[in-house]
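A.B. asks: I am attaching a structure below and will ask some questions about it afterwards.
The values are calculated or read from the model by the stated rules, or taken from the named source; none is laboratory data. Keep in mind that what you see is a predicted model, and the values were worked out from it rather than measured. Quick reminder, even Gly has a Cβ in these numbers, built from the backbone with ideal geometry, and neighbours come from all protein chains shown. All accessible areas refer to the heavy atoms of the entire protein, side chains included, with ligands and DNA or RNA removed. Shrake-Rupley method; radii C 1.70, N 1.55, O 1.52, S 1.80 Å.
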Amino acid sequence: MSDTTSETSTPATASGRPCVLIVFGGRSSEHAVSCMTAREVLAVIDREHYDVVAVGMGLDDPEETALLL
């Protein structure tokens with residue numbers, strides 16, 4: 001049996017909370033908008049209900065990536 005919540009098929013972490021992955025940035029003309037949107041989501045997401053992992057992609061180099069917990 002997989003480790004999932006009972007209401008959805010969203011994988012749960014060791015804490016039992018669903019995990020939300022936020023990927024933002026990247027090589028796009030919308031890079032700044034993506035970063036601002038991610039910042040706003042990260043500011044309001046309920047971390048008592050969700051485990052959050054944020055991954056920021058660099059503008060110039062696709063291998064330039066930051067993992068923010």
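A.B. asks: Any chance you could count how many residues in region 15-42 are outside any helix (DSSP H, G or I), open to solvent by 80 Å² or more (accessible area, probe 1.4 Å) and more than 13 Å from VAL53 (Cβ to Cβ)?
C.D. replies: 3
A.B. asks: Another question, if that's okay. For region 49-61, how many residues meet the condition of being surrounded by 14 or more Cβ atoms within 10 Å (Cβ to Cβ) and more than 10 Å from the chain's Cα centre (by Cα)?
C.D. replies: Number satisfying all stated conditions: 4.
A.B. asks: So which pairs qualify, if the first residue must be in region 15-36 and on the phi > 0 side of the Ramachandran plot, the second must be assigned to a loop (DSSP other than H, G, I, E, B) and surrounded by 11 or more Cβ atoms within 10 Å (Cβ to Cβ), the Cβ gap must be under 7 Å, and the two must be at least 6 apart or on different chains?
C.D. replies: Matching pairs, first to second residue: GLY25/GLY58; GLY25/LEU59.
A.B. asks: Look at ASP46 and say whether it is surrounded by fewer than 11 Cβ atoms within 10 Å (Cβ to Cβ) and modelled with pLDDT of 95 or more.
C.D. replies: It is true that ASP46 is surrounded by fewer than 11 Cβ atoms within 10 Å (Cβ to Cβ) and modelled with pLDDT of 95 or more.
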